[in-house]
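A short worksheet on the structure shown next.
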């Protein structure tokens with residue numbers, strides 16, 4: 001899983017470099033905004049009592065990358081974490097109805 | 001503290017079947033704890049069962065044996081009501097002994 | 001990491017199956033615990049016609065013959081014995097103030113496991129045995145124990161042992177809050193969570209007897225009757241709280257704190273639908 005994720009990430013960054021040589025690399029400000037969004041979404045997930053362990057792990061990966069000065073990677077991880085948190089919120093919301101489908105009657 | 005050794009020996013006339021359960025962490029020295037620090041090795045090295053002054057079963061163990069190990073074996077002889085002595089020595093030099101009556 | 005991928009794809013496949021198979025019933029939304037319990041038992045006895053009802057409490061051992069044999073040998077010298085003995089010792093030893101656990105419970109705490117969890121109408125919440133034990137400690141000026149293992153497991157092991165064979169007897173008092181707690185517990189049980197999108201029911205209703213990696217999944221019916229358990233995988237004892245929290249993290253969900261409302265309610269639900277099945281704890285599981 002990790003391998004796939006990293007290869008996807010590196011693929012993404014290769015595409016970024018190849019496709020947009022003129023675009024600037026992600027800055028610390030971009031990272032901070034992305035991280036704040038991820039953390040806000042994860043907080044919201046906590047509110048619906050359905051956080052995923054992978055969200056926190058991906059947020060940590062973003063922080064680690066930022067500490068190492070790799071803001072491209074940090075932004076990508078933060079974005080992924082935000083997507084994971086949003087998916088967990090979606091799951092919690094949809095399951096409010098769907099759980100009944102599984103019930104033994 | 002209660003003994004770390006549970007033992008049950010039953011004689012069928014000709015042979016005696018012995019079962020024992022020993023409470024011990026049996027840390028191999030290769031496992032890390034939650035903080036990522038290595039748990040130092042600590043395991044039973046010698047396990048001995050004696051009957052009538054003779055060793056009927058001896059084991060030289062290492063770190064590969066599970067936590068709270070269980071042993072089952074049988075030996076020829078052994079009379080109901082006689083004593084069976086069990087003892088172990090671990091890698092830190094700790095030891096425990098117990099004596100059980102053969103049933 | 002590769003097994004995790006397979007795990008996830010199994011989850012997806014199961015999810016697909018579930019959606020295909022489940023009737024899209026939305027009618028009959030009135031809460032009827034007695035009917036639920038009946039349907040719950042019928043589901044399992046229909047699925048495993050050869051397993052006797054009271055044998056479901058033996059979890060995977062009731063599903064797999066080889067495992068059953070191993071278990072019978074193991075039961076002669078069960079791995080929970082040390083914990084059980086510790087529990088017995090702790091239970092009879094008085095606190096600093098001279099009182100003991102027995103003073104906190106009906107019948108001095110002996111043979112009462114089958115009545116927990118119960119709904120406390122004063123508090124309006126479900127009280128589990130583990131919670132009652134820690135409250136007993138705190139009321140007597142002792143610090144609470146961790147809910148997941150060690151001392152707590154030892155105490156509940158002893159209490160379960162003194163109740164072996166007694167059928168689960170969980171009551172839902174005539175109180176709308178009790179019914180709500182039951183219904184919330186049920187919702188929790190069937191709600192998918194975690195990145196792997198599993199609910200409790202995904203494994204323990206749809207797939208008991210199947211393997212998940214090397215383990216044989218236990219049926220949800222009677223699953224709590226065997227608590228606490230010595231799990232070889234943990235190489236130690238674990239309580240009901242430990243089972244719930246570790247299940248949550250295995251499906252990549254962040255577990256709640258032990259004895260949060262969700263866990264108390266799901267324990268209430270699961271125990272109620274297993275009413276009539278005997279307490280078999282403490283148990284040993286691979």
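The values are calculated or read from the model by the stated rules, or taken from the named source; none is laboratory data. Just so it is clear, the model here is predicted, and its values are computed rather than measured. We place every Cβ from the backbone using ideal geometry, glycine too, and count neighbours over all the protein chains shown.
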Some residue of the range B:32-46 being touching a strand residue (DSSP E or B) at 6+ places or on another chain (Cβ under 9 Å), over 17 Å from residue B:92 (Cα atoms) and surrounded by fewer than 15 Cβ atoms within 10 Å (Cβ to Cβ): yes
Condition check for residue C:51: at pLDDT 85 or above, touching a helix residue (DSSP H, G or I) at 6+ places or on another chain (Cβ under 6 Å) and part of a loop (DSSP other than H, G, I, E, B): yes
Residue count, the range C:185-194 (criterion: at the interface with chain A (Cβ under 9 Å from one of its Cβ atoms) and either within 17 Å of residue C:121 (Cβ to Cβ) or touching a residue at least 60 places away in the same chain (Cβ under 8 Å) (or both)): 5
Qualifying residue in the range C:162-184 (condition: assigned to a loop (DSSP other than H, G, I, E, B), within 14 Å of another protein chain (Cβ to nearest Cβ) and touching a helix residue (DSSP H, G or I) at 6+ places or on another chain (Cβ under 9 Å)): no
Unique match (being in contact with a helix residue (DSSP H, G or I) (Cβ under 7 Å, 6 or more places away or on another chain), at pLDDT 90 or above and within 14 Å of chain A (Cβ to nearest Cβ)) among C:22, C:37, C:18: C:37
Single match in B:63, B:78, B:53 (criterion: crowded, with 18+ Cβ neighbours inside 10 Å and farther than 23 Å from residue C:75 by Cα): B:78
Selection count where residues are assigned to a helix (DSSP H, G or I), closer than 16 Å to residue C:186 by Cα and either touching a strand residue (DSSP E or B) at 6+ places or on another chain (Cβ under 6 Å) or within 9 Å of chain A (Cβ to nearest Cβ) (or both), scope the range C:249-264: 2
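Residues checked against (1) modelled with pLDDT under 95; (2) surrounded by fewer than 23 Cβ atoms within 10 Å (Cβ to Cβ):
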{"position": "C:175", "(1), (2)": "yes, yes"}
{"position": "C:206", "(1), (2)": "yes, yes"}
{"position": "C:225", "(1), (2)": "no, no"}
{"position": "C:230", "(1), (2)": "yes, no"}
{"position": "C:273", "(1), (2)": "no, no"}
Filter pass, residue C:108 being closer than 26 Å to residue C:268 by Cα, surrounded by 17 or more Cβ atoms within 10 Å (Cβ to Cβ) and away from chain B (no Cβ under 14 Å): no
Tally, over the range C:90-127, of residues that are within 21 Å of the chain's Cα centre (by Cα) and either in a helix (DSSP H, G or I) or assigned by TED's automatic domain parsing to the domain that holds residue C:258 (or both): 4
Filter pass, residue A:103 being modelled with pLDDT under 95 and either buried (at least 17 other Cβ atoms within 10 Å of the Cβ) or within 14 Å of chain C (Cβ to nearest Cβ) (or both): yes
Hey, residue C:201 in contact with a helix residue (DSSP H, G or I) (Cβ under 8 Å, 6 or more places away or on another chain) and within 21 Å of residue C:232 (Cβ to Cβ) or not: no
The range C:177-204, residues that are surrounded by fewer than 23 Cβ atoms within 10 Å (Cβ to Cβ), farther than 26 Å from residue A:85 by Cβ and touching a strand residue (DSSP E or B) at 6+ places or on another chain (Cβ under 6 Å): C:178
